[in-house]
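> This is the structure I want to talk about, given as structure tokens.
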Amino acid sequence: MSRAKSPSASTNSEAVPQVALAAFLRGLAARAEADSAFAAQLDAALRESGLLDHSLAARAGPASPAAPARKRSSSRPHASTRDAWQQFAGNDLPDPFALLRDRGEAGLRASLDALELPVLRALVRVHRLDPARISARWTARDRVVALIVAQVRARADLGKAFSRV
Amino acid sequence: MPTVTSIINLKGGVGKTTITLALAHFLTLEHHKRVLVIDLDPQTNATVCLIPEREWQRRDEAGLTLYQLFADAVKGTHRFDADAAIVRDVSNIAGGIKGLDLLPSSLRLIKVQDRVTQITDFETYERGPIFALRDALAEFLPYYDHILLDCPPSLGVVTLNGLAISDSYLVPVVPDILSVLGIPPILDRVEHFAQRTRRNIRALGIIISKMRAQTILHNEMERRLREDFVERRFPPVFRTVVPESTRIAEAANVLAPVNTLQQKYGNGGPMDELSALTQEFLWHVSR
């Protein structure tokens, strides 16, 4: 039996995932409402994915010149959280590894000191400098700057001890 | 008496170090066991996942790694001090885990490997430093509940030193063609060594590692491995499968700021698998 779809079937096949997705999400919501443990797991998984943060960060709007304003053009009224994330993760973010290489640790620290907290958080996320996301709750910029400097320094030095053997 | 388990495979990159470290962490933190990790692999990966590189370098330069043990065997000296070489309360979780200790490896082991190989008789094991590790650690092993040996991807003298103190071994495999091909030679060689040295070294099992459940090949090879066990050709295959995971890979960063197992391995997913793996390990060693 051929698996090829007829042109008329393709319209239906586009509708099916939509319906299925809606049913899946309804089922997920119902299960989360009925089962608090499952709801907690779901919540943890969502937080782990970082989608919530990206969404919130995007909603908060631009925090510095490095974080461009989210475009709300009528042509794209429902930009996805991924789009928002990519705005933070885009070329506007400084490269801390290049800063360390070109300007040294003091230069890196000075550059980071000029950035707002959401941008620093985006840097941490983009470069996976804190996979456990311990710093996600930190409100002091200095702590986040120190984390970035320490982790960037550590990665830049990775393997240096071995090269002396 | 402690259980002493070598984690061994002739193939590199199959997750030996990952599994050694995960077992060590979960045994200490979830099961409150005292664990010694012995890093026999000259790549020194387990070592630098448990202590910072600089700390390893300082110790290596001071003769406080396994290099010194094998250098002594070659040179006929007696400089290795096991008590000083064992690093206590290692790992980046909460600044160090009480009861998790490490005997560090050294890149310089590569330099002495050829020499110790030359002076070893691999048929009778009656000549060469096969029991150097056993003799050096004899008084320290009873302190621990579990000793885990991260072996290099070979069955050379260094690995044999690990087997000489082991009562069991684990074989991590990636469920692909080349990794599975390497299992029978390991089983044969360990059995040969056990017979010649009159030891009982039990194959605890095969651990499927770096599993990518979305690939047909991995699923097919997992099925074959489990069938081969049923046909008694292989040791039991652990029910728990360790997935390929970014979080597990990132857990290797000893400088990452973490305070709990959950933060090191991530909530759910890998964390649950590694916890289950440890429970299964304990079940197998207790049999």
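Just so it is clear, none of the values below were taken in a lab; they were calculated from the coordinates. Everything quoted here is computed from the prediction, not taken from an experiment. As a convention, Cβ positions derive from the backbone with ideal geometry for all residues, glycine included, and neighbour counts pool all protein chains shown.
> Given H placed on each backbone N at 1.01 Å, which residues far from A:R128 in sequence or on other chains put an amide H within less than 5 Å of it?
Amide H neighbours of A:R128, under 5 Å, 5+ apart: none.
> What does the structure give for A:130-140 when I average, per residue, the other chain Cβ atoms found within 10 Å of the residue Cβ?
What the average comes to for A:130-140 is 4.
> If you don't mind, there's one more thing I want to ask. Under 12 Å Cα to Cα from B:K11, which aspartates and glutamates show up? Leave out anything in the same chain fewer than 8 places away.
Cross-link targets: B:D176.
> When the helix-only estimate is applied to chain B (DSSP H runs of n ≥ 4, each -39,500 (n - 2.57), divided by the residue count), what is the mean residue ellipticity at 222 nm, nearest 500 deg cm²/dmol?
That comes out to -12500 deg cm²/dmol.
> Would you report the distance distribution of C-alpha pairs in the stretch B:3-286 as whole percents per 10 angstrom bin, up to the bin with the largest distance?
Per 10 Å bin, starting at zero, the Cα-Cα P(r) for the stretch B:3-286 comes out as 7, 31, 37, 21, 5, 0 percent.
> Mind giving me the nanometre distance, one decimal, between the label points for A:A110 and B:Q118, set 7 Å out from Cα along Cα→Cβ?
5.6 nm
> Taking the Cα centroid of the stretch A:93-147 and of the stretch B:49-111, what is the distance between the two, rounded to the nearest whole Å?
33 Å
> Another question, then. How many percent of all Cα-Cα pairs in the stretch B:98-155 sit more than 19 Å apart?
43 percent
> Can you say what percent of the DSSP beta bridges in the stretch B:3-286, counting only those with both residues inside, are antiparallel? Round to 5.
The antiparallel proportion sits near 5 percent.
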